[in-house]
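A quick write-up on the structure given underneath.
Only the coordinates and a few stated rules stand behind these numbers; no lab work does. These numbers come from a predicted model, not from an experiment. Here the Cβ is made from the backbone with ideal geometry for all residues, glycine too, and neighbour counts use every protein chain on show.
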Amino acid sequence: MVRKLSPEEQPWCIDKETGEPIINKGVQNVCIDKSTICYIDGYHSKLFYRGYSIEDLAKYSNFEETTFLLLNGYLPTKNELEDFKTKIINEREIPDKVIDLLKMIPRDIEPMEMLRTAVSYLGNLDPERHDISRDGFYNKAIRLIAKMPTIVAYFYRIINDKELVHPNDGMNHAENFLYMFLGRDLEEIEKDAIDTAFVLYAEHEMNASAFTTVVIASTAADYYSSIVGGIGALRGPLHGYANVEAMRQFNEIGSVDNVEKWFKEYILTKKKRLMGFGHRVYRSYDPRAKIFRQYAEKLAKMRGGKILEIFKIANKLEEVALSSPLAEKGIYTNTDYWSAIVYGALGVPTDFFCTLFAISRVVGWTAHILEYTENNRIIRPRLFYVGEVEKEYIPIDKRT
Ligand SMILES: CC(C)(COP(=O)(O)OP(=O)(O)OC[C@H]1O[C@@H](n2cnc3c(N)ncnc32)[C@H](O)[C@@H]1OP(=O)(O)O)[C@@H](O)C(=O)NCCC(=O)NCCS
C-alpha cells in the first residue's frame, strides 16, 4: 500500500497555528547562530565588520588590519599589527610541489577551479594538517591567507609563459599580489584600489560560501576541506563569479548605444539575470558597490580606451536598470558590478576576477569557522517529505 505522509508525521516542519509546512527555501532569513563578525542592514545600504562601517574601513584601514580585526575581534595595536604583517610576509612563498602542480593544470581551466585544486594540495603539504585545535586553525589560516595570492599570481604567469615574480617583503599584502601578478611596480592609485578591493571583499556574513565552509567545519573536518568547499561555492555565477559574468555582459552589450535595446530584449523580455544586480540581503544599493564605483570611474578615466568604453556601458546600463521594474522589486547594484571594472582597469583578465574575491574572502570564511566551531553543533537541516512511503519493492524482471 503506497501512502503519503500526513503533516502530523513531520511535526518539526509544521506551523502549529496554520498547519502548513514551514519551508525556508534557500535558507532565507534563518539565523544559524549568534555572531559578532558582520552586520548588514540591507534596507539602508549599511555594512559593518566587527562594528566598524565599511566606509571607514575602506578609507582608513588596510587589508592586514581588517584581517586582524575580523579574525581577532578588535583593532590591533601598532605592535600587534607589525607582528601580524610579519607573520603573513614570512608565509607568502608556496612549496615547489605546488608550483609543479600549477604547471600540470590545464591552461584553459577557469582559474577558480585551479584554486580549488591548489588549495586542496597545499592542505596535503601543510605541516599542521592534522591539527584541528583552534591554534592549529589560526596558524593554517595565516599560512593560507599569505599563500593564496601567490598561487593565483604564479598560475597566471605560468599559463602566460611569463617568469614567476616572487613575493616582495617590502610590499603590503594587496600590492604584493598585484606586483607578482602583473610583474611590475604599481602606481599609488593602483595600490590604493587593490587594497580597498581586498578590504571590501574580506567578509559578508553568512552567504553561500561562508555557509559552506561552516557546514564542513561543523562536522569537525579539517580547515582546508572547509576552504576548498568555500571556493567551490564562490565559483558559481549567482555568487562570486558574478564579477566575471558582469564583465562578460558589458562586453556582450558592446556599445553604449546598444544598452537600452539589450536590456529590453535580454532582461525584460527573455528574463535573463542582470549580473552584478540583486542580492539576497540588500534591498538597496550595496554600500561596497558605491565605493568600487568611485575607483572604477577614476581608473577607467585614467586608462581610457576599451575600459573607459566598458565603464560607460556599465554606467548607462545601471541608469537603465535603476529606473526599471528591477529596482521596483528591490534589485539594485551589488558589489560585483563595479568591482569588475576596477579589476579590468587594474589589468586583471576577466576569468581571474573571482580568484581575487577568494583571496580576500578566505578571511571572512576563517572568522566564521572559528566563531561557529567555538561552541560547535553539527549543521543538519531537514526537508519536508512530499513523496510516497511504504511502496512495494518489485523485482527487476517483474517491472514493466
Ligand atoms: C544574488 C541573487 C542570486 C539573489 O537571489 P534571491 O535572493 O534568491 O532572489 P530570487 O532569485 O528569488 O529573485 C527574486 C526575483 O527577482 C528576480 N531577480 C533577482 N535578481 C535578478 C537579477 N540580477 N536580474 C534580473 N532579475 C533578478 C528573479 O528573477 C525573481 O523574479 P520572480 O519573482 O519574477 O521570479 C540574484 O539577485 C541574482 O541572481 N543576481 C545576479 C547574480 C549576481 O550578481 N550575484 C552576486 C550577488 S553579490
field: region 242-345: relative contact order as a whole-number percent, Cα under 8 Å and 6+ apart
entry: 47
statement: Highest mean packing first, using Cβ neighbours within 10 angstrom, the peptides 383-396, 71-84, 268-281, 1-14 sort as 268-281, 71-84, 1-14, 383-396
field: Rotationally averaged projected area of the chain (alpha carbon convex hull; nm²)
entry: 25.3
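Please quote Rg/Rh for region 242-345 to two decimal places, taking the Kirkwood radius as Rh and restricting both calculations to Cα atoms.
Result: Rg/Rh = 0.94.
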- prompt: Can you give the calculated 222 nm mean residue ellipticity of the chain, where each DSSP H run of n ≥ 4 adds -39,500 (n - 2.57) and the sum is split over every residue, rounded to the nearest 500 deg cm²/dmol?
  reply: -17000 deg cm²/dmol
message: So if I take the centroid of the Cα atoms in region 2-79 and the same for region 101-176, what is the distance between those two points in Å?
response: 28
query: Going by how many other Cβ atoms sit within 10 Å of their own, how do Tyr285, Tyr154 line up, fewest first?
result: Tyr285, Tyr154
Cα-centre dipole for the chain with unit charges at Cβ (Lys and Arg positive, Asp and Glu negative), debye to 20: 1000
Ranked packing of 335-344, 308-317, most packed first, by mean Cβ within 10 Å: 335-344, 308-317
- request: Just give me a number: lysine pairs in region 30-88, eight or more positions apart or cross-chain, with C-alpha atoms less than 27 Å apart.
  value: 6
task: Figure the gain on full extension for Ala220 and Glu328 (residue separation times 0.36 nm, minus the Cα-Cα span) and round it to one decimal in nm.
output: 34.5 nm
message: At 30 angstrom or more along the helix axis (alpha-carbon based) and mean Kyte-Doolittle of 0.0 or higher, what helices does the chain contain? Whole DSSP H runs only.
response: 134-159, 353-374
- prompt: What relative contact order, as a whole-number percentage, does the chain give when Cα pairs under 8 Å and 6 or more residues apart are counted?
  reply: 24
